[in-house]
Amino acid sequence: MLVNILLVVVGFVLLIKGADFFVDGSSSLASKLGIPSLIIGLTIVAMGTSAPEAAVSISAALKGSTGIAIGNILGSNILNIWIILGVTACISQLKVGKTTIKYEIPYMIFITVILSVIGLTVGNVSRVSGIVLWALFILYLGYLFYQSKHMENEEEGEIKDLSAIKIIIYIIGGMAAIIAGSNITVDGATAIAEAIGVSDRVIGLTIVALGTSLPELITSVTAAKKNQADIAIGNIVGSNIFNILFVLGTASIIHNIEYSAAFLLDSVIAIVSAVLLFLCVFKKEKLTKGSGILMVTCYAVYLVYMLIG
């Protein structure tokens, strides 16, 4: 058991650091090729934040651990809203952009419902479903591009100026770490599930979901402590959209993913968490400390119910 726990921890470290190196290397390469930083931000960097979830879900699907594949995405999305945003809001009140309230949160709710309907009516997320998710993903990228072109005074993230050798090392090394980390994490998590007698669904919804969401959690809490958390909600909503459309879309195109009836509760909770976020920010355009406490409490109740059940 201890060995498997250590494997999961090592896997998480490889996933997180691998994603960082891959994003830095890819961004630097794109910059040297003359690709606009706007495009870099919308594609490489944005997808890089979902790299841990993507690697774990694809690896789990290929190994037949579909509970981890689906559980990782649903669990990460629920945890992103109720824990990451909840904890961050408890530290510092979060402002919410009007476009996030008007378009992005409703779109997140919409695609979560679409995923749930596909999974619970068909019983799996097939290649055809993956193509549908990717079509919705391309639509979302188009929206992001349009929004970014019409935003004024938008600060662009810093892109590291790496040498050619470092770019190659960062990209290859980062990708290798992501792949190795995903394999180690899935194997360790599956072994833990078998050892303690719980399903890989529960492991995917808890341990794996938390591990792959660590970058978002650390970034959001750190930003809140520095009073720079105004864009936290937009980033989390974007991450949740990427998780469903990019991660599951890609994973299901590579391999059919079974969506068992056991995920009914988790699907409903994922939708409820998104709707609750919308209701909390709709009028005031901010996420208050009271809303943060409510979200953390909701997650605690859900977690206890899931573990006991």
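The values are calculated or read from the model by the stated rules, or taken from the named source; none is laboratory data. It should be emphasised that the depicted structure is a prediction, and the values quoted were computed from it without experimental measurement. All Cβ positions, glycine included, derive from the backbone under ideal geometry; neighbour counts span all protein chains shown.
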Seminar exercise, completed: Within the stretch 100-158, restricting to residues that are under 24 Å from ASN72 (Cα atoms) and in a loop (DSSP other than H, G, I, E, B), the one that is modelled with the lowest pLDDT is GLY123
Problem set entry | Matching entry among ILE91, ILE73 (being touching a residue at least 60 places away in the same chain (Cβ under 8 Å) and surrounded by fewer than 24 Cβ atoms within 10 Å (Cβ to Cβ)) | ILE91
For this session: Working carefully through the options THR212, THR190, find the one that is under 16 Å from the mean Cα position of the chain (by Cα) and in contact (Cβ under 8 Å) with a residue 60 or more places away in the chain.
Result: THR212
Exercise. Scanning the stretch 23-44 for residues that are among the hydrophobic types (A, V, I, L, M, F, W, C) and in contact with a Gly (Cβ under 9 Å, 6 or more places away or on another chain), which turns out modelled with the lowest pLDDT?
Worked result: ILE40
Exercise. Would you say GLY204 is closer than 30 Å to GLY34 by Cα and buried (at least 19 other Cβ atoms within 10 Å of the Cβ)?
Worked result: no
Exercise. How many residues, within the stretch 88-126, are within 20 Å of VAL221 (Cβ to Cβ) and touching a Ser or Thr at 6+ places or on another chain (Cβ under 8 Å)?
Worked result: 4
